[in-house]
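Before any comments, here is the structure.
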Amino acid sequence: MRNCPTCGIPLQAASLKTCPNCGTDLSAASDLGGAQAQPFAAGFDPGEQMKKGMSYSAPLGLDKKTFLKKYSLGSKECKAAAIVGYISAGFTAIIALTGMSDYFNIYSLIDVAIVVTLCLLVHLLRSRVASIILLVYALISMVTMVVNTGTFGGWMGLIAGISAVVGSFQCVKEWKAYQARPQQATPQSDIPRL
């Protein structure tokens, strides 16, 4: 099996004339005679591309939902932020229901509902608006707790909010980078017949 000299993806059929991912002319790469083709084009560093995001390796023609689910690093960041938010809301609910602290009472469950709702929007929809609201809400909650009790609390919500903002904006950036890639269709003559 050989790889595309430009993008490096494995090519399933040896008879392909163009790369189905990036559209590189493969017939020119195979006309090198006895010389060994370079695994990647000059200037292409797969490690560097992975740091920039996985949108370069996603196959062409994906819808947004599939792309974000399988190829977006920002989507993974949103999921992690939501998990931290769920844990924070769980701690708040436990403390409120057990009465371990005078500061937390039954009305703290409203706080739990707000945080869980915002985290669900970040987790499932990767919503930038919900991530910004979560961050602002976490900041306000943290400042309120410091002012009222004199103790530093609510830092998990703040971490969730920051991570959610980073992840949701990264999702948009990755999707735009994916859409900016040349979306060339593979010619019918290059598709191997079964």
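Read-outs throughout are calculated quantities, based only on the coordinates presented, and are distinct from any laboratory measurement. None of these values were measured; they are calculated from a predicted model. Note that each Cβ is placed from the backbone with ideal geometry, even for glycine, and that neighbours are counted across all protein chains shown.
If contacts are Cα pairs under 8 angstrom and at least 6 residues apart, what is the relative contact order of the stretch 71-176 in percent? Spell out each step's value before the answer.
Values: 151 pairs, mean separation 43.3, N = 106.
Reported relative contact order: 41 percent.
Quick one: which residues, 5+ away or cross-chain, put their amide H under 5 Å from the amide H of Arg2? H built at 1.01 Å from N.
Answer set, sorted by chain and number: Leu11.
Once label points are set 7 Å from the Cα along Cα→Cβ at both Phe91 and Ser27, what is their separation, rounded to one decimal in nm?
The answer from the label model is 6.4 nm.
Whole-Hz ³J(HN,Hα) for each residue in the stretch 144-158, computed from phi via Karplus 6.51 cos²θ - 1.76 cosθ + 1.60 with θ = phi - 60°, x for glycine and proline: what do you get?
Listing the rounded values in order: 4, 5, 5, 5, 6, 10, x, 10, 8, x, x, 6, 5, x, 5 Hz.
Rounded, prolate or oblate: which fits the stretch 56-164, taking a ≥ b ≥ c as square roots of the Cα gyration tensor eigenvalues, rounded meaning a/c under 1.5, else prolate when a/b beats b/c? All intermediate terms of the calculation are to be shown ahead of the outcome.
Working: a/c = 3.25, a/b = 2.57, b/c = 1.27.
Cα axes put the stretch 56-164 in the prolate bin.
Simple spin-label model, 7 Å along Cα-to-Cβ: Ile159 to Ile106 in nm?
Placing both labels 7 Å along Cα→Cβ, they lie 3.2 nm apart.
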